[in-house]
Amino acid sequence: MPTIADRYKKFREQLPENVELVAVSKTHSPRRIMELYELGHRAFGENRVQELLPKYEELPKDIEWHIIGHLQRNKVKFIAPFVHLIHSVDSERLLSTIDREAERCERVIDCLVQVHIAEEKSKYGFTEEEARTLFSGDVATRFPHARIVGLMGMATFTDNRIQVAEEFLSLQALFEEVRESGWVDKAVFQQLSMGMSGDWDLAVKAGSTIVRVGSTIFGSREG
Ligand SMILES: *Cc1c(COP(=O)(O)O)cnc(C)c1O
């Protein structure tokens, strides 16, 4: 059986150096997270605040914690003091809450706007049209403590690799459109978070700058 360290090193060898890896540690124990930490890895992703908080308390404070799942507004205050990047901003109300809580902590929290690109119905994420509306409404100046640094998306859960590639390319096109629109500061709006264990290679080909990979590194999820 390969260890977590073996799997991590093998994955790193395949991933281009300019693409950031967020190791998705949801359901995995602090002990397993430390196996990667000891190899020098610092970026970890969690989708539930209740699960993240005890891990944050227990683990070294130089870990960069990424929130990758739907975030309830009433939970923002718990993570605002330390969260590194929120990938899953799926409403303007959430953005406004993040802005307020970040201001209370006297910090700026980096955020990605989640865009719904998959064919599956989901409650979460802006449609492309809603994202255009959001960006054209000067979000950058209205929420100075919630800094939008890019977009995030998830492809359809399917074996059809052509469809997945097309979905990633459509998100990349939107990303470029927003960058060129004059609505955002190009020096700030630079991140495109897409790709998971099953489709990260297609995401990287479509210009992803951050991949969120769990099971390829940690093995199948506990619980
Ligand atoms: C769980 C999860 C991942 C990682 O999934 P794997 O298939 O285990 O790599 C990536 N992104 C989000 C939003 C997730 O919830």
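The values are calculated or read from the model by the stated rules, or taken from the named source; none is laboratory data. Since we're looking at a predicted model, the values are computed, not measured. Note that we place each Cβ from the backbone using ideal geometry, even for glycine, and neighbour counts take in every protein chain shown. Please note that ligands, DNA and RNA were not included when accessible areas were found on the heavy atoms of the full protein model with its side chains. Shrake-Rupley method; radii C 1.70, N 1.55, O 1.52, S 1.80 Å.
Of note:
- Residue in the stretch 211-219 that is assigned to a helix (DSSP H, G or I), among the small types (G, A, S) and near the ligand (Cβ under 9 Å from one of its atoms) present: yes
- As a summary of the residue check, K121 satisfies the conditions (1) at pLDDT 95 or above; (2) farther than 21 Å from R42 by Cα except for the one numbered (1).
- Criterion: in a helix (DSSP H, G or I), out of contact with any His (no Cβ under 8 Å at 6 or more places or on another chain) and at pLDDT 95 or above - qualifying residue of D159, D201: D201
- Here G153 passes the criteria (1) in contact with a Lys or Arg (Cβ under 6 Å, 6 or more places away or on another chain); (2) closer than 30 Å to C105 by Cβ except the one numbered (1).
- Note on the stretch 108-149: residues that are out of contact with any helix residue (DSSP H, G or I) (no Cβ under 6 Å at 6 or more places or on another chain), charged (D, E, K, R) and surrounded by 14 or more Cβ atoms within 10 Å (Cβ to Cβ) amount to 4.
- Residues satisfying the stated conditions in the stretch 172-210, i.e. near the ligand (Cβ under 9 Å from one of its atoms), open to solvent by 10 Å² or more (accessible area, probe 1.4 Å) and of a type in the set (G, A, S): S197, G198
- Residue within the stretch 10-21 that is within 16 Å of the ligand (Cβ to nearest atom) and β-branched (V, I, T) present: yes
- The residues of the stretch 66-107 that are more than 16 Å from the ligand (Cβ to nearest atom) and either open to solvent by 80 Å² or more (accessible area, probe 1.4 Å) or of a type in the set (D, E) (or both), listed by number, are R73, N74, K77, F78, E92, R93, D99, R100, E101, E103, R104, E106.
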